[in-house]
1. Just the residues that are open to solvent by 10 Å² or more (accessible area, probe 1.4 Å) and in a helix (DSSP H, G or I), please, taken from region 5-21.
2. Cβ-Cβ distance below 6 Å, separation of 6 or more or different chains: which pairs start in region 54-65 with a residue that is of a type outside the set (Val, Ile, Thr) and end on one that is open to solvent by 60 Å² or more (accessible area, probe 1.4 Å)?
3. Being of a type outside the set (Val, Ile, Thr), open to solvent by 50 Å² or more (accessible area, probe 1.4 Å) and either at pLDDT 95 or above or in contact with a strand residue (DSSP E or B) (Cβ under 9 Å, 6 or more places away or on another chain) (or both) narrows it down to one of TYR83, TYR79, so name that one.
4. Could you say whether any residue in region 46-62 is within 15 Å of SER10 (Cβ to Cβ), at pLDDT 85 or above and either of a type in the set (D, E, K, R) or in a helix (DSSP H, G or I) (or both)?
Amino acid sequence: MSSEKRKLISIITEAAIEVRLCEALTALGARGYTVTDARGSGSRGVRNASWSSSRNIRVEIVCDEAIAARIAEYLRENYFEDYAMIMFEGDVKVLRLDKF
């Protein structure tokens with residue numbers, strides 16, 4: 001079975017913006033996303049998820065390069081300055097290309 005290259009975008013951010021962020025990702029062209037709870041420590045301290053106000057989420061999107069670039073620019077312009085958020089991307093190979 002053949003595979004195709006796509007981008008895997010991972011966003012770790014505050015759970016408080018989940019709904020708004022996911023709506024924006026869909027509007028930017030993402031055909032789907034996965035959201036999971038996340039814990040850890042970084043430049044803004046420990047995020048241990050023990051209080052709803054300190055919960056983090058991890059949002060993952062598999063998409064093409066153009067959509068990945070749109071998402072990165074949108075996050076840079078709208079979220080990076082005011083929210084605890086990081087984004088990273090990598091190349092992945094996918095089967096069932098019609099899903100992405």
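The values are calculated or read from the model by the stated rules, or taken from the named source; none is laboratory data. Source: prediction; values computed, not measured. Note: ideal-geometry Cβ built from the backbone for every residue, glycine included; neighbour counts use all protein chains shown. All accessible areas refer to the heavy atoms of the entire protein, side chains included, with ligands and DNA or RNA removed. Shrake-Rupley method; radii C 1.70, N 1.55, O 1.52, S 1.80 Å.
1. Initial filter on region 5-21 (open to solvent by 10 Å² or more (accessible area, probe 1.4 Å)): 5-8, 12, 14-16, 18-20.
Listed by number, the residues that qualify are ALA15, ALA16, GLU18, VAL19, ARG20.
2. Within 6 Å, the pairs are ARG58/THR36; GLU60/THR34.
3. Numbers: TYR79 fails: open to solvent by 50 Å² or more (accessible area, probe 1.4 Å).
Unique residue meeting the criteria: TYR83.
4. Kept after step one, since they are within 15 Å of SER10 (Cβ to Cβ), are these residues of region 46-62: 56-62.
Next, only the ones that are at pLDDT 85 or above stay: 56-62.
If we keep only those that are either of a type in the set (D, E, K, R) or in a helix (DSSP H, G or I) (or both) as well, we get 58, 60.
There is at least one residue in region 46-62 that is within 15 Å of SER10 (Cβ to Cβ), at pLDDT 85 or above and either of a type in the set (D, E, K, R) or in a helix (DSSP H, G or I) (or both).
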